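Let me begin by presenting the structure, written as structure tokens, before commenting on it.
The values are calculated or read from the model by the stated rules, or taken from the named source; none is laboratory data. Keep in mind that what you see is a predicted model, and the values were worked out from it rather than measured. Ideal geometry is used to build each Cβ from the backbone, glycine not excepted, and the neighbour counts take in all protein chains shown. The area values use the complete protein model at the heavy-atom level, side chains included, leaving out ligands, DNA and RNA. Shrake-Rupley method; radii C 1.70, N 1.55, O 1.52, S 1.80 Å.
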Amino acid sequence: MAAPAYPAWVTRWVSGQWRNKKRPPALRPPRTLALADKVANRREQLTEATCITEMSVMMACWKLNDFNDAPCAEEIRMFYDCVAKAEKERKNLNEDTLSSRGNLPSSKVNKLLKRFPQMTRYV
């Protein structure tokens, strides 16, 4: 079986010939080193379901009253109040702030990448 053919620099690097010059061989990347134009849109944190208790109480009331809204008005109002409160809290969270891990959200990163595009060629 023949030995695999490696580029010459790999042979020199493995054999230690580069140590005479006190530096490893220069590696050239196959592409230019530049950031991508955008990043994937991902949720930073998992959102948990809200108002589950109020919804289950409302549905239980509907089941007891043959899905009639009149006797369950108080439960329906409590559910809608909970939903409004959760929406208000969600809107108050500012998306532009750093997450708990110190990372920017993907939407903010995409805005910055659009604002400062990457140079593809040198002038």
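Summary of values
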| read-out | value |
| --- | --- |
| Built amide H within the under 5 Å cut-off of Val39, gap 5+ | Asn110 |
| Calculated FRET efficiency for the pair Glu48/Asp69, C-beta based, R₀ 30 Å, to 0.05 | 0.60 |
| Difference of contour (0.36 nm per residue) and Cα-Cα distance, Ala36 to Met59 | 3.4 nm |
| The stretch 50-93 pair-distance distribution - Cα-Cα, 5 Å bins, rounded % | 5, 27, 25, 18, 13, 7, 4, 2 |
| GluC sites (Glu not before Pro) within the stretch 35-83: DSSP coil, no more than 11 neighbouring Cβ in 10 Å | Glu48 |
| Solvent-accessible area of Cys51 with every protein chain in place, 1.4 Å probe, in Å² to the nearest 10 | 10 |
